[in-house]
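Written out below as structure tokens is the structure these notes cover.
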Amino acid sequence: MLREIALFGAGVPSLLLYFLATVPLFLAADHVATPLGLYRLVWHPPLVRLALFVCLFSGLILVTRP
């Protein structure tokens, strides 16, 4: 179950920590996909980028869940 984590004395939702951990993963995947030209093959590249971020975010949550 996702809960709050004490960070510097303030309660922070654990989803924020997952979000912050997903950002570097997304940037690395985006940095690899852009020079390969994978975004030229799709109809709406920003939508594919959003879907990639959501997939990484949900995958990180599912992998690290007890």
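The values are calculated or read from the model by the stated rules, or taken from the named source; none is laboratory data. Worth saying up front: this structure is predicted, and the values here are computed from it rather than measured. Positions of Cβ are backbone-derived with ideal geometry, glycine not excepted, and every protein chain shown enters the neighbour counts. Heavy atoms of the whole protein, side chains included, go into the accessibility calculation; ligands, DNA and RNA do not. Shrake-Rupley method; radii C 1.70, N 1.55, O 1.52, S 1.80 Å.
Given Cα positions, please report Rg to Rh for the chain, the hydrodynamic radius being the Kirkwood one.
Here the Rg-to-Rh quotient is 1.10.
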Which whole-number value in Å² is the accessible area per residue of the chain, probe 1.4 Å? 79
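Report the relative contact order of the chain, percent, no decimals, based on alpha-carbon pairs under 8 angstrom and at least 6 residues apart.
Details: 33 pairs, mean separation 20.6, N = 66.
Reported relative contact order: 31 percent.
Say R0 is 22 Å: what FRET efficiency, to the nearest 0.05, do Ala21 and Leu47 get from their beta-carbon distance? Spell out each step's value before the answer.
Details: r = 23 Å, r/R0 = 1.04.
E(calc), rounded to 0.05, equals 0.45.
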Go through the chain and name the chymotrypsin sites (Phe, Trp or Tyr not before Pro) that are in a DSSP coil and have 16 or fewer other Cβ atoms within 10 Å of their Cβ. Phe8, Trp43
Most to least accessible of Ile5, Ile61 (protein chains only, probe 1.4 Å): Ile5, Ile61
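Select from the chain those trypsin sites (Lys or Arg not before Pro) which occupy a DSSP coil region and have at most 13 other Cβ atoms within 10 Å, ordered by residue number. Could you put the intermediate results ahead of the total?
Working: sites: Arg3, Arg40, Arg49; in loops: Arg3.
Of the trypsin sites (Lys or Arg not before Pro), the ones in loops of the chain whose Cβ has at most 13 other Cβ atoms within 10 Å are Arg3.
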